[in-house]
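Written below as structure tokens is the structure these notes are about.
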Amino acid sequence: MDNVLGDKLRARTAKEKDRRRDSIVQSALELLLAKPGSLPTMNEIARRAGVSKGTTYIYFDTKESIYLALLEDDLHGWLSDIEKALSYQADDKVARLITAILGFKQAQPNLWSLASLSHSVIELNIDSKALLSYKTKLAQRFKSAAKAIRQHLELDESHSADVEAMLMQSYAYLLGQWQVCNPPQSIAKLLKGPGFKILQPEFDQVAEQGLYQQWEGFMQRINKKAEPSSGVLNRLFRRS
């Protein structure tokens with residue numbers, strides 16, 4: 001990629017520093033997409049960005065911190081987009097919710113490739129204070145998105161914890177399915193034959209189907225819990 005400043009030109013203004021940081025981050029993402037599954041070195045990232053290794057360390061302590069920044073941007077963007085999408089009225093509330101959750105396909109296409117490396121690679125070499133800050137902000141974003149979902153589904157506050165758990169289940173489901181549908185390249189080569197098609201389904205298809213099953217089932221359980229009390233009242237009124 002083109003070096004926007006040149007390593008010999010010191011980034012002085014806040015705008016120039018942001019541009020250099022963005023250059024480093026974008027270079028790191030391009031390298032990861034070229035060879036998914038393992039993080040490139042700081043030397044490789046610096047070379048790609050057209051800066052020195054020392055310059056890279058001015059902005060990020062470790063290569064993992066670069067990818068954590070990428071993941072944080074994608075996760076926060078995804079959850080914010082869900083909230084925005086649910087601010088519009090819809091006749092089929094579950095369908096609107098599923099469409100909102102699947103919005104990552106256009107807005108955050110690299111979300112799951114980053115998330116799949118989160119626990120096993122990215123978070124292992126992050127300063128504990130920085131990691132705690134990341135987790136705290138992420139928990140707040142999940143809670144905010146879950147609140148928007150609860151309000152969209154017209155559920156009262158007593159279901160807050162249920163909706164939060166469901167949102168995390170959807171996140172875990174999408175992450176797990178992405179990993180199943182996108183094995184490492186060395187393994188994918190072994191699964192080219194027609195007999196292995198069952199082991200490598202289409203991510204978009206299973207993602208949508210699974211989310212519908214999760215959230216439609218959730219709403220059915222919520223509605224079913226409300227039925228017994230109303231049924232008892234109806235029987236009492238019939239007797240009277």
- Note on the structure: Restricted to segment 209-221 and to residues being touching a residue at least 12 places away in the same chain (Cβ under 8 Å) and surrounded by fewer than 15 Cβ atoms within 10 Å (Cβ to Cβ), the residue nearest to A172 (Cα to Cα) is Y212
- Message: Kindly evaluate I82 against the criterion of being of a type in the set (A, V, I, L, M), crowded, with 19+ Cβ neighbours inside 10 Å and either over 19 Å from the mean Cα position of the chain (by Cα) or under 22 Å from D204 (Cα atoms) (or both).
- Response: yes
- Matching entry among L71, L79 (being within 22 Å of Q214 (Cβ to Cβ), in a helix (DSSP H, G or I) and touching a Ser or Thr at 6+ places or on another chain (Cβ under 8 Å)): L79
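Okay, residues lined up against (1) hydroxyl-bearing (S, T, Y); (2) modelled with pLDDT of 95 or more; (3) closer than 30 Å to M219 by Cα:
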{"residue": "L29", "(1), (2), (3)": "no, yes, no"}
{"residue": "K35", "(1), (2), (3)": "no, no, no"}
{"residue": "L39", "(1), (2), (3)": "no, no, no"}
{"residue": "M42", "(1), (2), (3)": "no, yes, no"}
{"residue": "A69", "(1), (2), (3)": "no, yes, no"}
{"residue": "K93", "(1), (2), (3)": "no, yes, yes"}
{"residue": "T99", "(1), (2), (3)": "yes, yes, yes"}
{"residue": "G103", "(1), (2), (3)": "no, yes, yes"}
- In this structure, does D204 turn out to be touching a residue at least 40 places away in the same chain (Cβ under 8 Å), of a type in the set (D, E, K, R) and either surrounded by fewer than 18 Cβ atoms within 10 Å (Cβ to Cβ) or more than 25 Å from E83 (Cβ to Cβ) (or both)? yes
- Could you tell me whether any residue of segment 97-110 is exposed (fewer than 15 other Cβ atoms within 10 Å of the Cβ), assigned by TED's automatic domain parsing to the domain that holds Q151 and free of Cβ contacts under 8 Å to residues at least 12 places away in the same chain? yes
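Residue by residue, here is whether (1) assigned to a helix (DSSP H, G or I); (2) in contact with a His (Cβ under 9 Å, 6 or more places away or on another chain); (3) of a type in the set (V, I, T) holds:
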site: S23; (1), (2), (3): yes, no, no
site: Q26; (1), (2), (3): yes, no, no
site: L31; (1), (2), (3): yes, no, no
site: G37; (1), (2), (3): no, no, no
site: T56; (1), (2), (3): yes, no, yes
site: Y67; (1), (2), (3): yes, no, no
- Does segment 132-140 contain at least one residue that is buried (at least 16 other Cβ atoms within 10 Å of the Cβ) and closer than 22 Å to Y173 by Cα? yes
- L32 passes all but one of the listed conditions (1) touching a Pro at 6+ places or on another chain (Cβ under 8 Å); (2) aliphatic (A, V, I, L, M); (3) farther than 20 Å from S118 by Cα; the exception is number (3)
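The values are calculated or read from the model by the stated rules, or taken from the named source; none is laboratory data. Remember, predicted model here, so these are calculated numbers, not experimental data. Cβ sites come from the backbone with ideal geometry, for glycine too, and all protein chains shown count toward neighbours.
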